[in-house]
Amino acid sequence: MPLLDVNTLPRMLRVRQDFPKSEPLDISTSVNEQITMVSDRLTPGARVALTVGSRGIANIKEIVLAVLGELKAAGVKPFIVPAMGSHGGATPEGQKRILEDYGITEETMGVSIEADMAAREIGRTSDGIPAFTSSAALSADGIVVLNRVKPHTDYFSESIGSGLIKMMVVGMGKHDGAASFHRTAVHHGYEGTLKMLGRVVLDNAPILFGIGLVENQYHETVRLEAVLPENIEPKEKEFLEQSASLMPGLPFEEMDLLIVDRIGKNISGVGMDPNVIGRHAHHYSTLLNNELKSTPFIRRIFVRDLTPQTHGNAIGIGLADATHVKLVDQMDTQSTFINVRTSLTLHSAKLPMYFPSDREAICAMLDTLGLEKPSEARIVRISNTLELAQFEVSEPLAEIAKSNDCLSLESDSFEWTFDSEDNLQDL
């Protein structure tokens, strides 16, 4: 089919979304204060494992370095355990490579990184469901669980999301623990399974304390708090409530086309956050009416590329309707397929239509919308689902933006600019 002329595409504008500003957090001071409060849990000379995951947590290098410094000052011997389930292709080398992307290496941290994928069953729930924990973590005298808390990508809960308990059950469980959790959760529910298995881990693993992190809409650390094991479950609910209230989102209820420059594991566990796009890992509809009552409702999604930090793991591409051939060429099928087989979100690895250029993909998506005039399409373009303070919108949405006090237009309208190969420049 012939491509639409650039002049028939809706003109675009740059938009800024303003969120309430939070007080800046002094990482070093906060870590010192919090670990001082639980210092009686630290025995000089003890070996202590610190968990570090695969998500793109704000200030993660600085936070990990500060925590290690305080642990050393308390006289213990810390080391790092990559706690990321099956990510990194479920290999020690892959998991260490993910940490290296965040600047976390044995050289920069001054401690060893024990990346062995071995895990041991440490107990069972009353229903006989096994809980697994990293053998490297269990070799320590104590474990410090570090993770950001935010709403989960696969289910909705007001009490437990992606946080300390998930880190203990799934992240510390390595491939075996992640697989066991997901296979149980599809029958018993995510929330209940996390709680059941989390209690088994707390009862049988030497958890010294947790360190919960909360971020705001600007991807800034706004809370860092040490939590004793007996308080982790109730405190996680408190963290989650705050995190949910600070989640960035798209300020439009309906969009015809969303263009996402990059997806990846460092952005979201599902590549692009379902809480932002209104499509979930287990289902979505391509109908042009909102029969599933999705919030927001986005009729078509085009994903342009992967983040370098995802190392070819393209989980989440199945939630898109179109992609660029360059993403397909970069896709590490082994890493992606291990991830979706472990999480049982097979839909997330399905390839949508892929095109040799951005322009062809955009035109194809507009063609499927049944619009009389493509120039009236409501289009949003974002860098990724984690950074939503700045993005681009088409003129039909600009009128809505003008009535939103949280949005400000930062440019006059402009035409699409494609390079000689009909591709866009990254935002």
Exactly one of these conditions fails for PRO308: (1) closer than 20 Å to LEU386 by Cα; (2) crowded, with 17+ Cβ neighbours inside 10 Å. Give me its number.
(2)
Determine if region 343-359 includes at least one residue that is in contact with a helix residue (DSSP H, G or I) (Cβ under 6 Å, 6 or more places away or on another chain), closer than 27 Å to THR91 by Cβ, surrounded by fewer than 15 Cβ atoms within 10 Å (Cβ to Cβ) and modelled with pLDDT under 95.
yes
Selected residue [surrounded by 16 or more Cβ atoms within 10 Å (Cβ to Cβ) and more than 14 Å from MET172 (Cβ to Cβ)] from VAL227, VAL186
VAL227
Sort out which residues of region 265-303 are of a type in the set (Phe, Trp, Tyr) and farther than 18 Å from LEU327 by Cβ, and write them in order of number.
TYR284, PHE297
Test of understanding: among ARG11, ARG47, ARG41, which residue is charged (D, E, K, R), in contact with a Lys or Arg (Cβ under 8 Å, 6 or more places away or on another chain) and either at positive phi or surrounded by fewer than 22 Cβ atoms within 10 Å (Cβ to Cβ) (or both)?
ARG47
Name the helices (runs of 4 or more DSSP H) wholly inside region 282-381 in which the number of residues that are in contact (Cβ under 8 Å) with a residue 60 or more places away in the chain is 3 or more.
333-343, 358-367
I'm checking my understanding of the structure. Among residues of region 205-224 that are buried (at least 21 other Cβ atoms within 10 Å of the Cβ) and of a type in the set (A, V, I, L, M, F, W, C), which one is nearest to ILE27 (Cα to Cα)?
LEU224
Here is a list: THR153, THR184. Which entry is closer than 27 Å to GLU114 by Cβ and modelled with pLDDT under 90?
THR184
Checked region 236-255 for anything in contact (Cβ under 8 Å) with a residue 24 or more places away in the chain, assigned by TED's automatic domain parsing to the domain that holds GLU33 and among the charged types (D, E, K, R); matches are GLU236, LYS237, GLU241
Boolean, GLU236 is farther than 17 Å from MET353 by Cβ, charged (D, E, K, R), surrounded by 20 or more Cβ atoms within 10 Å (Cβ to Cβ) and within 20 Å of the chain's Cα centre (by Cα):
yes
Taking the options ILE317, ILE259, ILE267, ILE338, name whichever one is buried (at least 18 other Cβ atoms within 10 Å of the Cβ) and farther than 22 Å from HIS182 by Cα.
ILE259
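Filtering region 239-256 down to residues that are among the charged types (D, E, K, R) and more than 14 Å from THR295 (Cβ to Cβ), which residue is surrounded by the fewest Cβ atoms within 10 Å (Cβ to Cβ)?
Our first condition is that a residue be among the charged types (D, E, K, R); within region 239-256, this holds for 241, 253-254, 256.
Filter again for more than 14 Å from THR295 (Cβ to Cβ), leaving 241, 256.
Numbers: GLU241: 15, ASP256: 25.
Across region 239-256, the extreme among qualifying residues is GLU241.
The values are calculated or read from the model by the stated rules, or taken from the named source; none is laboratory data. Nothing here was measured: the structure is a model prediction, and the numbers come from that model. Don't worry about glycine lacking a Cβ; one is built from the backbone with ideal geometry, like all the others, and counts go over all protein chains shown.
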